[in-house]
Structures are given as C-alpha cells and as structure tokens.
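Q: What follows is a structure written as structure tokens; I'll ask about it next.
The values are calculated or read from the model by the stated rules, or taken from the named source; none is laboratory data. All of these numbers come straight from a predicted model, not from anything done at the bench. Positions of Cβ are generated from backbone atoms using ideal geometry, with glycine treated the same way; all protein chains shown enter the neighbour counts.
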Amino acid sequence: MRIILLGAPGAGKGTQAQFIMEKYNVPQISTGDMLRAAIKAGTELGLKAKEVMDAGQLVSDDLIIGLVKERVAQEDCKAGFLLDGFPRTIPQANAMKENGIDVDYTLEFDVPDEEIVKRMSGRRVHPGSGRVYHLVYNPPKVEGKDDVTGEDLAIRPDDVEETVRKRLAIYHEQTKPLVDFYTKDAEAGLSKYYKLDGTQSVDAVSQELATILG
Ligand code: AP5
Ligand code: ZN
C-alpha cells in the first residue's frame, strides 16, 4: 500500500500517519521528521534546513527529492510506504513520476486555516519519535510526557502563530496545486483520491481512513 497524505500544516497528517502505520504496518516517511532528525544530529543537511524550517519556508526541492529517493529505495519500503509531508510542490510530484515512484492512494485532509492556527498552539511533540499530541484534543497520558518512552514533550520552533500563518500561505501557493495534480491522476485511473473532513475528531478521521483503506 503506497499512500500520500496531503494537507496543510496541522491538518493531522502526522497524527493519522501513526494510526495507519500501526494498523497497516507500512513505514511512515515524514520529510519533516527526517529534517528535524538531521538538525538534531547536526549533519550538513540539518545545518542547511534549520533556518529555512524555523522561518516556515520550504527546503529546496533538490535536497528533499534526494532524501526521499534514498529512503523509498530501502528494503522496508518495498511493500509500501506512507508519505507524510511529501510531495509538497509540483516539481516534487513530477520527480516522483520520473523516478517511477507510484502511489495507490492520495488522502487529503481538509481543515480551514483558522482551525489550524488554534490547533498548532496546543501541539506538543516527542522529538525522538515524531509522535504528536495536543493539550486538549489528544493529550498524553501523563502531562508533558511521551506515552511510550515517558520522555519530555516539546513545542516545535515553527509553531509560533506568525510562522504558522506563513506556512499556511506557502501551502496554498505551492502545495494546494497538488490537489488538481492527483485528482487528474485519479481521473486517469492511475491512483485513488479521497478528500476527508479533517475537522472531525482524531478517531472519526481514523475510522474514515479505515473504511477507505479496508
Ligand atoms: P512538516 O513536519 O511536514 O510540517 P507540516 O506539513 O507543516 O505539517 P505539520 O507536521 O505541522 O502538521 P500535521 O499535518 O502533521 O499535523 P499533526 O498531526 O501534527 O514540515 C516542517 C517543515 O519542514 C516545513 O515547513 C518545511 O520547511 C520542511 N519540509 C518538510 N517536508 C518538505 C518538503 N516535502 N519540501 C520542502 N520542505 C519540506 O496535528 C497538528 C496538531 O493538531 C497536533 O497537536 C494534533 O494532536 C492535533 N490534531 C490532529 N488531528 C486532530 C483532529 N482531528 N482534531 C483535533 N486536533 C487534531
Ligand atoms: Zn507532521
């Protein structure tokens, strides 16, 4: 099963990726998590990405395409994968095609911008795993601690309101055109396209996904 999760920052891609990974046993490829890991490790990629990400802008297509190509070629992705946060520009989507990386499903989470700004202020993440929580909508079992490791949760540096608004603007400008791109693919019978109401509860969205994916 090869899946793309498409949606604005904060639409719930990472949250539902956790659900899909556990239920269908497909590896999650989150370009955001990969970049954050590179920043933590202090690699050359991390050094290049940090400033761009903190400013809410997109890392260059070349860097990201190289990263994903390498990851998709690994053994655990042979039977399928779940793309979270990639592709998010038309050149990235074209690069997938040029490299023969096909998908079965594109799943779009639709959430209005104002709801997203509210959500982001309550987000907490476990930096080691990328697991995502929300103070109100998806709280951890113990306040401030990751459910699995018990380690401290953190606030993402790009979750301040001003940066969230910038990320939303970039989403509308550069990523939204992918809705058309993959709708056309679906019309041509190349893959399936589903748009989900991402304002439902976390569990309701997961249930809808389970109905689609079977
Ligand atoms: P990335 O990490 O991919 O961030 P993003 O796309 O901006 O998305 P988020 O992770 O912010 O949101 P999400 O949809 O995963 O929502 P979540 O489940 O966490 O990218 C970060 C940066 O890296 C980019 O800005 C860019 O610089 C760079 N980058 C990454 N990929 C790139 C690429 N391909 N090309 C170029 N640059 C790239 O949920 C959000 C909150 O809402 C959580 O608190 C959650 O608990 C809560 N929530 C989730 N679902 C619900 C629900 N149904 N109801 C209520 N609350 C909910
Ligand atoms: Zn995410």
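Q: Give segment 62-80 a look and list any residue that's of a type outside the set (G, A, S), farther than 17 Å from M1 by Cβ and more than 13 Å from ligand 1 (Cβ to nearest atom), or say none.
A: Answer for segment 62-80, where residues must be of a type outside the set (G, A, S), farther than 17 Å from M1 by Cβ and more than 13 Å from ligand 1 (Cβ to nearest atom): just E70.
Q: Can you tell me which residues in segment 121-141 are crowded, with 17+ Cβ neighbours inside 10 Å and near ligand 1 (Cβ under 6 Å from one of its atoms)?
A: R123, V132, Y133, H134, N138
Q: Considering segment 61-82 alone, what residues qualify as being more than 22 Å from T106 (Cα to Cα) and surrounded by 14 or more Cβ atoms within 10 Å (Cβ to Cβ)? If you could, list the steps in order and put the result at the bottom.
A: The first filter runs over segment 61-82 and keeps only residues more than 22 Å from T106 (Cα to Cα), leaving 62-63, 75.
If the condition is that a residue be more than 22 Å from T106 (Cα to Cα) and surrounded by 14 or more Cβ atoms within 10 Å (Cβ to Cβ), then L63 is the only one that fits.
Q: Go through (1) without any contact (Cβ under 8 Å) to a residue 40 or more places away in the chain; (2) in contact with a Leu (Cβ under 7 Å, 6 or more places away or on another chain) one by one and return the number of the condition I170 breaks.
A: (1)
Q: Which is aliphatic (A, V, I, L, M), over 16 Å from the mean Cα position of the chain (by Cα) and assigned to a loop (DSSP other than H, G, I, E, B), of V117, V103, V136?
A: Exactly one residue qualifies, and that residue is V136.
Q: Still on this structure, I have one more. Of I3, I20, which residue is modelled with pLDDT of 95 or more, touching a Phe, Trp or Tyr at 6+ places or on another chain (Cβ under 6 Å) and closer than 27 Å to N138 by Cα?
A: Values: I20 fails: touching a Phe, Trp or Tyr at 6+ places or on another chain (Cβ under 6 Å).
Result: I3 is the single residue among I3, I20 that is modelled with pLDDT of 95 or more, touching a Phe, Trp or Tyr at 6+ places or on another chain (Cβ under 6 Å) and closer than 27 Å to N138 by Cα.
Q: So which residues in segment 184-206 are in a helix (DSSP H, G or I), under 17 Å from A11 (Cβ atoms) and not aliphatic (A, V, I, L, M), if there are any at all?
A: D203, S206 - these are the residues of segment 184-206 that are in a helix (DSSP H, G or I), under 17 Å from A11 (Cβ atoms) and not aliphatic (A, V, I, L, M).
Q: Taking the condition touching a residue at least 60 places away in the same chain (Cβ under 8 Å) and among the small types (G, A, S), does A186 pass?
A: For A186, the condition - touching a residue at least 60 places away in the same chain (Cβ under 8 Å) and among the small types (G, A, S) - is met.
Q: Could you figure out which of (1) modelled with pLDDT of 95 or more; (2) buried (at least 16 other Cβ atoms within 10 Å of the Cβ) isn't true of D104?
A: Unmet for D104, out of (1) modelled with pLDDT of 95 or more; (2) buried (at least 16 other Cβ atoms within 10 Å of the Cβ): (2).
Q: Run M21 past the list (1) closer than 19 Å to K166 by Cβ; (2) surrounded by fewer than 17 Cβ atoms within 10 Å (Cβ to Cβ); (3) of a type outside the set (K, R); (4) within 16 Å of ligand 2 (Cβ to nearest atom) and report the number of the one that doesn't hold.
A: (1)
Q: Any idea which of V59, V26 is free of Cβ contacts under 8 Å to residues at least 60 places away in the same chain, more than 11 Å from ligand 1 (Cβ to nearest atom) and not in a helix (DSSP H, G or I)?
A: Criteria check complete, one pass: V26.
Q: For segment 31-42, state whether one or more residues are in contact with a Phe, Trp or Tyr (Cβ under 9 Å, 6 or more places away or on another chain), within 12 Å of ligand 2 (Cβ to nearest atom), under 30 Å from G189 (Cβ atoms) and outside any loop (DSSP other than H, G, I, E, B).
A: There is at least one residue in segment 31-42 that is in contact with a Phe, Trp or Tyr (Cβ under 9 Å, 6 or more places away or on another chain), within 12 Å of ligand 2 (Cβ to nearest atom), under 30 Å from G189 (Cβ atoms) and outside any loop (DSSP other than H, G, I, E, B).
Q: Mind listing just one residue for me: the one in segment 168-181 that is closer than 15 Å to S60 by Cα and within 16 Å of ligand 2 (Cβ to nearest atom) and, of those, surrounded by the most Cβ atoms within 10 Å (Cβ to Cβ)?
A: Here the answer is T175.
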